[in-house]
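Below: the structure, in structure tokens.
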Amino acid sequence: YALFTALILNRKLGVVVFAGWLGLQWVNRPGVFHALADPMNLLFMCGLGAAALCLKLQRRSERLRNTVGGLALLLGAGGFVATMAVYGRLHLDPNAWPLHRPTIMAFGLSSALLLVASVSGAVNRLLGQWRWLALIGDASYSIYLVHAPFGKLAWNLLRPIKPIWQGEPRLWLANLLMAWVVLAMVVMGILLHRHVEAPLLAYLRGRLGR
């Protein structure tokens, strides 16, 4: 938030803050710098790059946008699948993946490519037929805000039936349990978006527009 505030208020100051933030991504600093130096912040940089590229492509021809968008869609989806497949074969500690920079960058770049695909009118028309995708996109920030507490709550609700499996559940059951947790997080995020975020944004737009 400090980065975006600095960029809005003063571009030169924002560049300085961004450069410092970028440097912290590759430095393992304890204490107060831990959150800033978290490698997960690299994902935000992928988003910034995707946004900048989309803005540039908006000024180009529709044919070029459709070509780039279609290619980005294929590469982004393929990158996601390939990253999951490769990471699954590495047999790393599941608790260590947020610190595994190659995986973070692979997922981040794949997500960025999927965002770039939105510059294509053809891709937008194709995905626009699935309204639930647009709803999840609109609610994405609310989902981000509540996914941790409600994911934990959804998992805790499963504790009474935990004796059904002993130790680690089988793969099909683990996927089913994960689907339940993800569904709970998404639904709660959508409810927050519809009943809190959207009305609040509408109110603020009205106040600022006066």
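The values are calculated or read from the model by the stated rules, or taken from the named source; none is laboratory data. In this text the structure is predicted, and so the values were computed from the model without any measurement. Methodologically, a virtual Cβ is constructed for each residue, glycine included, from the backbone with ideal geometry; neighbour enumeration extends over all protein chains shown. Just so you know, the surface numbers come from the protein's heavy atoms only, side chains and all, with ligands and any DNA or RNA stripped out. Shrake-Rupley method; radii C 1.70, N 1.55, O 1.52, S 1.80 Å.
When each of Pro98, Pro102 is tested for being closer than 24 Å to Gly189 by Cα, modelled with pLDDT under 85 and assigned to a helix (DSSP H, G or I), the lone residue that passes is Pro98. If the condition is being open to solvent by 80 Å² or more (accessible area, probe 1.4 Å) and more than 14 Å from the chain's Cα centre (by Cα), then the stretch 125-155 contributes Arg125, Leu126, Gln129, Trp130, Arg131, Trp132, Lys152, Leu153, Trp155.
Restricting attention to the stretch 156-201, the residues being open to solvent by 60 Å² or more (accessible area, probe 1.4 Å) and at pLDDT 80 or above number 15. The residues of the stretch 39-83 that are over 30 Å from Gly14 (Cβ atoms) and either among the acidic types (Asp, Glu) or modelled with pLDDT under 85 (or both) amount to a single one, Glu62.
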